[in-house]
């Protein structure tokens with residue numbers, strides 16, 4: 001168990017809190033941010049760990065990648081700098097020294113020491129100030145970037161928290177101190193940055209395959225015509241959907257085979273599951289299709305109860321919007 005005021009490190013097997021690599025690194029001169037309210041689920045995220053699926057390591061990383069990239073751009077960070085991804089109820093932190101912050105993703109009120117601050121814009125914060133991302137008003141996940149980026153130790157080239165494999169820092173808890181890296185660039189010269197629109201009923205493009213032949217023609221019709229809703233049992237691993245079941249042509253299970261980010265897997269009950277960044281790298285249920293990468297942020301921001309529809313794209317055909 002972590003004690004208040006300790007630095008967050010990795011969760012490598014066999015290491016204690018005091019033995020974590022990088023403990024205290026980057027803390028000199030107030031180069032840290034302390035968690036004073038952790039919210040329902042707040043994690044450190046960056047661009048993830050691509051290229052390690054053959055080792056059983058998920059991609060991980062920020063679920064709403066455009067929001068993560070925008071937050072970093074606003075505070076002058078490179079794209080790969082680590083941010084804090086919050087879920088539903090936000091997060092509150094206190095800066096050890098003056099710096100710049102930005103909040104993007106799901107829209108939520110932002111305050112600095114209780115005073116309203118801009119959302120989707122760079123905000124200058126004095127040393128010791130409390131920055132709070134309040135509960136979301138629309139969407140699901142917000143991203144808090146701090147100039148210099150969160151500088152916890154990297155594991156397999158990433159600082160991302162992976163809820164499935166346990167790699168990276170644990171979800172944030174009150175009292176955690178996160179080291180900050182060196183500031184590498186000035187804040188963006190904007191008052192407010194434009195952001196993408198979160199649809200009230202997103203339509204997700206899905207390319208059929210690799211196991212669409214395990215399903216009846218009626219299943220493909222149902223997938224394209226049915227309305228699904230995001231289940232409360234969803235998380236960073238996958239979004240479970242409540243809605244019409246997809247009838248199978250072939251029964252039983254596959255031998256476990258590789259699955260990818262955005263895969264639409266269909267368990268035995270027949271309702272689809274959309275795999276997100278912390279998904280398992282192997283699975284035995286058939287995958288009827290894979291989402292278009294540009295539609296993944298809409299899934300990442302879909303709160304429980306949100307209606308979703310699929311637009312089926314046949315292999316070899318393009319879908320235009």
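The values are calculated or read from the model by the stated rules, or taken from the named source; none is laboratory data. None of the values given here were measured: they were computed from a predicted structure. Counting neighbours? That spans all protein chains shown, and the Cβs are built from the backbone with ideal geometry, glycine included.
Out of the stretch 108-137, which residues are in contact (Cβ under 8 Å) with a residue 24 or more places away in the chain and exposed (fewer than 15 other Cβ atoms within 10 Å of the Cβ)?
Of everything in the stretch 108-137, those that are in contact (Cβ under 8 Å) with a residue 24 or more places away in the chain and exposed (fewer than 15 other Cβ atoms within 10 Å of the Cβ) turn out to be 124, 126, 127, 128, 135, 137.
Give just the number: which of (1) in a loop (DSSP other than H, G, I, E, B); (2) surrounded by 14 or more Cβ atoms within 10 Å (Cβ to Cβ) does residue 240 not satisfy?
Result: residue 240 fails condition (1) only.
With the checklist (1) more than 15 Å from the chain's Cα centre (by Cα); (2) surrounded by fewer than 20 Cβ atoms within 10 Å (Cβ to Cβ); (3) not in a loop (DSSP other than H, G, I, E, B) in hand, flag the one item residue 35 doesn't pass.
Failing condition for residue 35: (2).
So that you can scan it fast, the table gives a plain yes or no per residue for (1) out of contact with any helix residue (DSSP H, G or I) (no Cβ under 9 Å at 6 or more places or on another chain); (2) modelled with pLDDT under 95:
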residue	(1), (2)
149	no, no
153	yes, no
157	yes, no
161	yes, no
193	no, yes
199	no, yes
205	no, no
